[in-house]
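The values are calculated or read from the model by the stated rules, or taken from the named source; none is laboratory data. Values in this document were obtained by computation on a predicted structure and should not be read as measured data. We place every Cβ from the backbone using ideal geometry, glycine too, and count neighbours over all the protein chains shown. The protein model used for the area step is the full one, side chains on, heavy atoms only, and it has no ligands, DNA or RNA in it. Shrake-Rupley method; radii C 1.70, N 1.55, O 1.52, S 1.80 Å.
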Amino acid sequence: MGMPRLPALVWLKTYDRTALGDDLMASVIVTIMLIPQSLAYAMLAGLPPEAGLYASMLPLVAYAAFGSSRALAVGPVAVISLMTATTLAEVVAAGHGSYGDAAMVLALLSGLFLVLLGVLRMGFLANFLSHAVIVGFVTASGLLIAVGQLRYLLAVDGEGHNVFAMAASLITKVPATHLPTLLIGVGAILFLLFVRSRLGPLLLRLGMRPRLVAYATRAGPVLAVIASIVLVGALGLAARGVPVVGDVPAGLPSLHLPVPDLALVLALLPSAVLISVVGFVESISVAQSLAMRRRQRVVPDQELVGLGAANLAAGLSGGFPVTGGFTRSVVNFDAGAVTPMAGVFTAVLMGLTAAFLTPVFHDLPKAVLAATIIVAVLSLVDLGAIRRTWRQAPGDFAALAATMIGVLTVGIEAGIVLGITVSLSIHLWRSSRPHIAVVGRVPGTEHFRNVDRHAVQVCATLLSVRVDESLYFANARFLEDRLLELVTARPEVKDVVLLCSAVNGIDGSAVETLESINERLRVAGVRFHLSEVKGPVMDTLKRTDLLTHLSGEVFFTQHDAMQALAGEAPVEPDRDRPATRAALAGAPGRD
């Protein structure tokens, strides 16, 4: 029956004081982490800092009501913020509305698209983003984000639509670097890296309890924010040219439904679709991994509705597109969150921050926010995954490389589309040339294996061929050519058996090809047989004329086919095959 439309009704029935305490503690930890992140990701998206606070309130409440994950922490994330900035820069430059309104409309469109996918149960569409494309996209986005934030460390204007143009622009402006800003930014980076990698082991050696160590290391960004604010205020660095956040409006967001014109909607729609898909893929992966650790269930279609509701809430409250963040969700999980109520508590704490603490952020250096982003996105650059893909799957590496090159040189959307195109092209190429093996019987068994890999028994007048792919229009001709080539090379063959154990489906073009094979073999005096045909495939064949005109038979097993067709003919090892020669010499065949 699936998840209810309001999954919150399930966990609220059993909510108790213990869960309340755990969720409240987790929300405090996540809020400490989220405050600097929300400000930083708003800056990354090209929006004022309050937009990051607004995107961290109502969206969390909406997801708590409609999402199916108990631990996912929704809010602004680096990659989606970058995609938002890229989209808004292009749309606003073309004269379609203001930046803030366009961000809200983008979130609304993303939310509507996600809800529509969820209602139509189309979560499977995210599967078209292969792991290789995701790794390439995330890695390239991390590099793009890091390079883009360097301008805040140098306190210069950066230009360029790709990573190389941005780097070239920054290099030319290095002489104009504002040294105090650079020192603050570099100092913040070094401090955050120390907190992330060295502070924990140091505190453990000093005898601090592991739980307190975890809290201390996650508070690193907040400590950097507080220290930099105190430093800038005490030394008057804002008056000396250090760029700061400035005035941040106090108060909660007001609900507002932007009324865009059709031109703005059409300009934003392609990017909204892409942002929705990327956000869903990032969110569902972390949600499922965390749910597995507690043996809970995450429903992809319900997650689409939950994320859609979160984005609708963001669009109505002055925010921008959001999704489930990996690091923040892990922190939420490890901090003990047991229900989405932790997200509601986090939203309340973020609301209190927006209402009462915004004056504190006036002297916050933009370089510190940039440092927070740079350190956060370093984890996105997964060189190990790139190396593994190169070793294990060259085809997947081609898609990964194409995605990275596209993102770094052309743009995010172009990189994703290029990666998907390469992935699908490689898949079509592979499936159009399926693995086809001549098989023989393993001595003393009823099993049949590839003659090139195992020492097997064969019959000179019987050719047994296994195709390891479903048959459809793109690979049917390849199968026909390969079968006829094998028969031509063996003039003694009287029977051909197509072993269909790996064929899970067949289309009309493939049926016509089988009919053609049957007829061409019949003219050559060779009977054509099928074996181990699966039920769905047999159902399809029964609706055609193939079985009526088949020159041979359909056997339940390949062993039955060999017993019936070999007859009195000798069944001997195929001594010409490398696997057989190795077995006769005392070496095992290759598996």
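Within the shell defined by Cβ-Cβ distances under 14 Å, the residues around Glu512 carry a net charge of -2, with Lys and Arg each +1 and Asp and Glu each -1.
Only helices enter this figure: runs of n ≥ 4 DSSP H residues, each worth -39500 (n - 2.57), summed and divided by the residues of the chain, yield -19500 deg cm²/dmol at 222 nm to the nearest 500.
Dipole check for the chain: with +1 at the C-beta of Lys and Arg, -1 at the C-beta of Asp and Glu, and the Cα centre as origin, the magnitude is about 1720 Debye.
The range 389-459 and the range 121-183 have Cα centres spaced 32 Å apart. Excluding same-chain residues fewer than 8 positions from Lys366, which lysines have a Cα within less than 22 Å of its Cα? Correct list for Lys366: Lys173. Relative contact order for the chain: 22 percent, from Cα pairs under 8 Å spaced at least 6 residues apart, divided by residue count. When only alpha carbons are used to place a centre, the range 461-502 and the range 24-67 end up 59 Å from one another. By its C-alpha gyration tensor, with a ≥ b ≥ c as the square roots of the eigenvalues, how is the range 24-139 shaped: rounded for a/c under 1.5, else prolate for a/b larger than b/c, else oblate? Rounded, because the longest to shortest axis ratio a/c is under 1.5.
Annotation: lysines with alpha-carbon distance below 19 angstrom to Lys534 (same-chain offsets under eight excluded): Lys542.
Placing +1 on the Cβ of every Lys and Arg and -1 on the Cβ of every Asp and Glu, with no other charges, gives the range 285-345 a dipole of roughly 220 debye about its Cα centre. FRET efficiency for Leu206 and Ala393, Cβ-Cβ distance as r, R0 = 35 Å, nearest 0.05? That pair, Leu206 with Ala393, gives E of 0.20. With the cut-off at 20 Å, report for the range 1-65 the share of all Cα pairs above it, as a whole percent. The share of Cα pairs beyond 20 Å in the range 1-65 comes to 45 percent.
Using heavy atoms of the protein chains and a probe of 1.4 Å, the accessible area assigned to Thr18 is about 90 Å².
Mean projected area of the Cα convex hull of the chain, taken over all directions, amounts to 35.6 nm².
In this label model, Ala214 and Ser197 are separated by 2.3 nm, measuring between points 7 Å along each Cα→Cβ vector. In terms of its C-alpha gyration tensor, the range 126-194 comes out oblate, because a/c is 1.5 or above while a/b does not outweigh b/c. Counting charges near Leu34 (Lys, Arg +1; Asp, Glu -1) among other residues having Cβ under 13 Å from its Cβ returns a value of +2.
Look at the dipole of the chain built from charges on Cβ: of Gly535, Ser197, Gly207, the Cα furthest out on the positive end belongs to Gly207. Near Leu150, once Lys and Arg are set to +1 and Asp and Glu to -1 for all other residues with Cβ below 13 Å from its Cβ, the sum equals +1.
Summary value for the range 1-123: 23 percent relative contact order, contacts being C-alpha pairs under 8 angstrom separated by 6+ residues. Here the simple spin-label model places points 7 Å from the Cα toward Cβ, and for Arg490 and Arg17 these points are separated by 7.8 nm. Site-free segments of the chain were taken between GluC sites (Glu not before Pro) in DSSP loops having at most 14 other Cβ atoms within 10 Å, sites themselves excluded; the longest one is 160-445.
Rounded to the nearest 0.05, what FRET efficiency is calculated for Glu512 and Leu266 with R0 set to 30 Å and r the Cβ-Cβ distance? Efficiency computed from Cβ-Cβ geometry: 0.10. Just to be sure I understand the model, the point goes 7 Å from the Cα along the line to the Cβ. What's the resulting Arg121 to Arg477 distance in nm? Using points 7 Å along Cα→Cβ, the separation is 3.8 nm. Taking the range 14-50 and a reference point 7 angstrom along Cα→Cβ of Arg294, the backbone N atoms nearer than 16 Å belong to 14-30. Using C-alpha pairs below 8 Å separated by at least 6 residues, the relative contact order for the range 159-224 is 27 percent. Note on Met25 and Thr177: with the Förster distance fixed at 35 Å, the Cβ-Cβ geometry gives a FRET efficiency of about 0.25. Under 1.5 on a/c is rounded, so check that first for the range 434-531, then, if it is not, pick prolate when a/b is larger than b/c and oblate when it is not; a ≥ b ≥ c are the square roots of the alpha carbon gyration tensor eigenvalues. Oblate, because a/c is 1.5 or more while a/b does not exceed b/c.
Rounded to the nearest 10 degrees, the angle from helix 508-523 to the longest Cα principal axis of the chain is 20 degrees.
Looking at the chain, the DSSP beta bridges with both ends there are about 50 percent antiparallel. Multiplying the residue separation of His549 and Leu257 by 0.36 nm and subtracting their alpha-carbon distance yields 98.5 nm.
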